[in-house]
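None of the figures in this text is laboratory data; all of them are computed from the coordinates on show. Here the structure is a predicted model, which means the values were calculated and not measured. Because the Cβ atoms are built from the backbone with ideal geometry, glycine has one as well, and the counts that use them run over all protein chains shown.
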Amino acid sequence: MPSVVEDPPRIDPRAARSRAAIHAAALELISTRGTTDIPVREIAKAAGVSRNVIYTHYGDRAGLVSGVALDLIRDAVRGLTTFTDSRDSERFLLHVASHMAEHRQFYRAALSGPDGRAFAREFDTYFLGVGGPAVEGAFPDATEEESKDLNAFLLTATGAHFATWVLTGPDRLDPAEFAQRLTRIFYHLLPALHTDKDR
């Protein structure tokens, strides 16, 4: 069954403008400095908002980093179909890989910073929601519990593979090559994603 990445719920226009300004400021500062260890007051100043606005939207700096990253990835994959067959999977993975390569400095800082584990959990949770239904459908003989476990295993392993690629990959990341590698792994692990043209 196709899984299409949908838009997040709408928020008040004024709140949306504040979030966009905070998002842009945090993305720029973290990417430029290569660290998430930037005072909230500095991000607030760059965004033209008060610190209280950041705390209202994100709770703390860890929430801010995760929130910005999830907003980034949501924007990147909105409207894409995920994991319905190997061609859709490769398109989806290529899109995510290209996005992460483009924003590598930010993701590298987010993954290696003091809140990297919390960010990785948020990232995994997001992709479990995005790809989960399709991956679960790839195991028709599995019990519901087994299907959920397989889903969690495959998608968190994919997230870990992305993180390793961003953190330790070559200076020039090759999204197409990486997406093809991941697609080959899915091809071997998920026979239900094979199409006649794949064989």
Query raised in the report: Using the count of nearby Cβ atoms within 10 Å as a rough guide to exposure, how do Val77, Val68 rank from fewest to most?
Result: Val77, Val68
Report summary line: Val53 neighbourhood, Cβ < 11 Å, K/R = +1, D/E = -1, net charge +4
Query - Under 12 Å, Cβ to Cβ, from Pro114 - net charge with Lys/Arg +1 and Asp/Glu -1 - result: -1
Requested in this report: Quick one: grab Rg to one decimal and Dmax as a whole number for region 26-132, Cα atoms only, in Å.
Outcome: 14.8, 46
Query - Column: log10 I(q)/I(0), Debye, Cα scatterers of region 10-194, q = 0.18 Å⁻¹ - result: -1.16
